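The values are calculated or read from the model by the stated rules, or taken from the named source; none is laboratory data. None of the values given here were measured: they were computed from a predicted structure. In this analysis, Cβ positions are derived from the backbone assuming ideal geometry, glycine residues included, and neighbour counts consider all displayed protein chains. The protein model used for the area step is the full one, side chains on, heavy atoms only, and it has no ligands, DNA or RNA in it. Shrake-Rupley method; radii C 1.70, N 1.55, O 1.52, S 1.80 Å.
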Amino acid sequence: MVDGSTLREHIRENFDVVIVGSGAGGAVVAKELAEGGMRVALVEEGPAFAPQDHRDMAVDAIYRMYRDRGFTTTFGKPAIPIPMGRVLGGTTAINSGTCFRTPSKIFRHWNEELGLHELNEAEFQPIFDRVEREINVEPSDFAVMSRANTIFHELLQNRGTPGKPLRRNIRKCDGCGYCCYGCATGAKQSTDVSYVPKAIRAGATVYTNCTVEKFLIKGRRVHGLRGRFTDLDYANTGYTLEINAPVVVVSGGTIPTPQLLRDNGIAVENWNLGRHLTIHPTTKVYAEFDEVINGWEGTPQAYYLDLHEKDGIMFEGIFVPPDVAAMMVPFVGRRLNEFMRNYKHMAAFGLLISDISQGRVVKMPFLGTTVLYNLVPEDVEKIRKGIAFLARVFLEGGAKRVYTLLHGFSEINNAKDLERLENARVRAEDIEGAAFHPLGTCRMAKSQKHGVVDTSHRVFGWEGIYVCDGSVIPTSLGVNPQETIMAFATRFAGIVLGKKITD
Ligand SMILES: Cc1cc2nc3c(=O)[nH]c(=O)nc-3n(C[C@H](O)[C@H](O)[C@H](O)COP(=O)(O)OP(=O)(O)OC[C@H]3O[C@@H](n4cnc5c(N)ncnc54)[C@H](O)[C@@H]3O)c2cc1C
Ligand code: SF4
């Protein structure tokens, strides 16, 4: 592992393959290709941290490990924060650890309506088995779940519609509740503790604190890249990396990847580049109980309900520590004071929707990489319905009060308020939420009329350059995407090695 922040020399090397980004896509490709006998370089913009480094407050961890210090946001109606990791392990290092296989109905859609027969569900099953073994996917244990999850479980049981524990990539999780701010015990099997160490053991070289900016191009063939090393504040150290490799894999994530291609004149003629962005918009509902809940203690995302999955709504546990909550709830002054004073009595549950809205990643003068995204009315309605369902479960389950992030409905105190919410027409700009799953900006397709990469991940019209991260996922999934991305990456490594990689 080469720490670019302390390095004091230029580096020029030859490899068989160089990969940009160490998240769910890049780290998996690195490990599989290194174990397959290739000479692999993995280049990551962010720094590396050991589990014991994760001892700070959540807001400090966001500053340390999130792209744009956690302030990446979409432009549109509504503006939606869209956090991403910039650290070894990519966004897997700061995610909740929830794992889902790609749903069957999504495979059917890809096969039957998009003609992507290569994405065959049966052939993916042994790949999922392998990924789940690598990252140790197991059901969450009720014993370490946050009370916000178990209280929701009890309320659902009373209604006769129980949900299920989420499956997560963990080993001996103690329920400390800090998954999105760096797991201090190393329990969460993010790629920095699972795939990257195995890649290194198999001979891969990992460069951290190195921002890739340029591809080496001859005609329509990419044969390497250039990056600049930075210190921990992302200032140039003055030293550079140059790697020659016949295979260049871009795994920078759904927002950075299309911009990196565009900056290098790659696929700029392709109308699809940067388009078809889906993000799984989310929001949450708080409910105040008499009981002391301390919802930030215990695994925050450990339980789910897919009762409304056919309508494109999925409910999942969520809870943020008080320092983050104080910044995120849309209250100020006395109301914020009162909310935070009662925070220990709050339960919460979240929802995400399968969005049919589509956004774009563009480059704007003065602003740089910019995400444009507007929620269409059908998606607004899904969110309203989801909020109303959660509010009903909590209120009928004995909550004193329910708080939503929907303007005009911030407090639901009784059946009348609930009825008003259930019959309301809301606008996109009334919704406060966030989005954690950007996908699709270099989507895989049968032809360049519909996407940016072919079914072997090669950029249409180019040689030597491949994309393997969330950006290639052809459509919104309706479930958390890391396992799908890891499975795509495993399949892609098999294509490069010329053999199927299975369990
Ligand atoms: C708070 C949060 C919670 C989440 N929870 C879950 C969950 O529970 N389950 C789930 O399935 N998904 C979850 N996700 C989403 C999931 O983690 C991502 O979908 C997944 O990690 C994306 O993988 P990727 O390879 O596309 O990109 P990333 O994992 O984001 O990796 C991209 C990497 O590339 C690096 N990079 C970018 N540009 C350059 C460059 N020019 N040079 C060098 N390096 C570069 C970045 O720094 C980054 O490390 C969550 C996301 C967030 C933000
Ligand atoms: S709850 Fe704590 S120990 Fe468990 S995965 Fe999350 S951060 Fe790690």
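Could you tell me whether the range 152-163 includes any residue that is modelled with pLDDT of 95 or more, under 30 Å from G25 (Cα atoms), more than 7 Å from ligand 2 (Cβ to nearest atom) and in contact with a strand residue (DSSP E or B) (Cβ under 9 Å, 6 or more places away or on another chain)?
yes
Conditions tested, residue by residue: (1) open to solvent by 10 Å² or more (accessible area, probe 1.4 Å); (2) free of Cβ contacts under 8 Å to residues at least 24 places away in the same chain; (3) within 27 Å of the chain's Cα centre (by Cα); (4) over 30 Å from E134 (Cβ atoms).
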{"position": "F389", "(1), (2), (3), (4)": "yes, no, yes, yes"}
{"position": "K400", "(1), (2), (3), (4)": "yes, no, no, yes"}
{"position": "L406", "(1), (2), (3), (4)": "no, no, yes, yes"}
{"position": "I412", "(1), (2), (3), (4)": "no, yes, no, yes"}
{"position": "N423", "(1), (2), (3), (4)": "yes, yes, no, yes"}
{"position": "A435", "(1), (2), (3), (4)": "no, no, yes, no"}
{"position": "V453", "(1), (2), (3), (4)": "no, yes, yes, no"}
{"position": "D469", "(1), (2), (3), (4)": "no, no, yes, no"}
{"position": "I473", "(1), (2), (3), (4)": "no, no, yes, no"}
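Using beta carbons and a limit of 8 Å, which pairs, at least six apart or on different chains, have the first residue in the range 92-118 and more than 30 Å from A184 (Cβ to Cβ) and the second one open to solvent by 60 Å² or more (accessible area, probe 1.4 Å) and within 16 Å of ligand 1 (Cβ to nearest atom)?
The qualifying pairs do not exist here.
For the range 363-370, check the following and say yes or no: at least one residue is in contact with a Ser or Thr (Cβ under 6 Å, 6 or more places away or on another chain), aliphatic (A, V, I, L, M), part of a strand (DSSP E or B) and surrounded by fewer than 18 Cβ atoms within 10 Å (Cβ to Cβ).
Among the residues of the range 363-370, at least one is in contact with a Ser or Thr (Cβ under 6 Å, 6 or more places away or on another chain), aliphatic (A, V, I, L, M), part of a strand (DSSP E or B) and surrounded by fewer than 18 Cβ atoms within 10 Å (Cβ to Cβ), which makes the answer yes.
Within the range 88-101, how many residues are on the phi < 0 side of the Ramachandran plot, open to solvent by less than 20 Å² (accessible area, probe 1.4 Å) and either more than 16 Å from ligand 2 (Cβ to nearest atom) or assigned to a loop (DSSP other than H, G, I, E, B) (or both)?
Filtering the range 88-101 down to residues on the phi < 0 side of the Ramachandran plot leaves 88, 91-96, 98-101.
Subset that is open to solvent by less than 20 Å² (accessible area, probe 1.4 Å): 88, 92-94, 98-99.
Imposing the further condition that a residue be either more than 16 Å from ligand 2 (Cβ to nearest atom) or assigned to a loop (DSSP other than H, G, I, E, B) (or both) reduces the set to 88, 99.
The qualifying residues number 2.
If you check R221 against the conditions, is it more than 16 Å from ligand 1 (Cβ to nearest atom) and among the charged types (D, E, K, R)? Please lay out each step first, then the result.
Working: more than 16 Å from ligand 1 (Cβ to nearest atom): yes; among the charged types (D, E, K, R): yes.
Answer is yes for this residue.
Determine whether the range 69-82 contains at least one residue that is open to solvent by less than 10 Å² (accessible area, probe 1.4 Å) and within 16 Å of ligand 2 (Cβ to nearest atom).
No, the conditions are met nowhere in the range 69-82.
Can you tell me which residue in the range 102-143 is nearest to ligand 2 (Cβ to nearest atom), limited to those that are open to solvent by less than 70 Å² (accessible area, probe 1.4 Å) and within 16 Å of K164 (Cβ to Cβ)?
Here the answer is S140.
Could you list, in sequence order, all residues of the range 144-178 that are open to solvent by 20 Å² or more (accessible area, probe 1.4 Å), within 16 Å of ligand 1 (Cβ to nearest atom) and part of a helix (DSSP H, G or I)?
V144
Please report, ordered by residue number, the strands (runs of 3 or more DSSP E) entirely within the range 9-49 with at least 2 residues that are at pLDDT 95 or above and in contact with a helix residue (DSSP H, G or I) (Cβ under 9 Å, 6 or more places away or on another chain). Lay out the reasoning, then the answer.
Numbers: elements: 11-14, 17-20, 40-43.
Per the criteria, 17-20, 40-43.
Restricted to the range 191-233, and to residues that are within 26 Å of the chain's Cα centre (by Cα) and without any contact (Cβ under 8 Å) to a residue 24 or more places away in the chain, which residue is surrounded by the fewest Cβ atoms within 10 Å (Cβ to Cβ)? Give the derivation first.
Applying the first criterion (within 26 Å of the chain's Cα centre (by Cα)) to the range 191-233 yields 191-200, 204-215, 225, 227-233.
Filter again for without any contact (Cβ under 8 Å) to a residue 24 or more places away in the chain, leaving 197, 228, 233.
Numbers: P197: 16, R228: 19, D233: 6.
Looking at residues that are within 26 Å of the chain's Cα centre (by Cα) and without any contact (Cβ under 8 Å) to a residue 24 or more places away in the chain, I get D233.
Among strands (runs of 3 or more DSSP E) lying entirely in the range 207-255, which contain 3 or more residues that are of a type in the set (G, A, S) and within 20 Å of G23 (Cα to Cα)? Don't jump to the end; show me each part of the working.
Numbers: elements: 210-218, 221-230, 236-244, 247-250.
It comes to none.
What is the number of the single condition among (1) open to solvent by 10 Å² or more (accessible area, probe 1.4 Å); (2) within 16 Å of ligand 1 (Cβ to nearest atom); (3) farther than 23 Å from I485 by Cβ; (4) not charged (D, E, K, R) that A58 does not meet?
The one condition A58 does not meet is (1).
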